[in-house]
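Read through the structure below, which is laid out as structure tokens, and then see the notes.
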């Protein structure tokens, strides 16, 4: 996992949490929960490298400030992100368990109330 600068198409935990923390209310529950499901799945040591690569790719797309549909467009800015996240979740679904889902939900609730 790279510690590269955000905006260079690289994933880093710092850039991830910066975006989540700054924009949680704009991102909304529908996108934030899948983001966090992927994040917590990535943390599991038993997840194979190929699955982690898929997750890192999706999370890198999420934190990338310039993508197909700019995130700043109200109402549709995160629609492309949602598609990428859904595809990644479908690919790594076998590694997503109830604990991951509960942690993601708890974090969403903490961020959005």
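Has region 76-96 got at least one residue that is surrounded by fewer than 20 Cβ atoms within 10 Å (Cβ to Cβ), at pLDDT below 90 and assigned to a loop (DSSP other than H, G, I, E, B)? The answer is yes, given that some residue of region 76-96 is surrounded by fewer than 20 Cβ atoms within 10 Å (Cβ to Cβ), at pLDDT below 90 and assigned to a loop (DSSP other than H, G, I, E, B). Pick from region 55-68 the residues that are surrounded by 14 or more Cβ atoms within 10 Å (Cβ to Cβ) and in a loop (DSSP other than H, G, I, E, B): which of them is modelled with the lowest pLDDT? That would be 67.
The values are calculated or read from the model by the stated rules, or taken from the named source; none is laboratory data. Computed from a predicted structure; not experimentally measured. Virtual Cβ from ideal backbone geometry, glycine too; neighbours counted across all protein chains shown.
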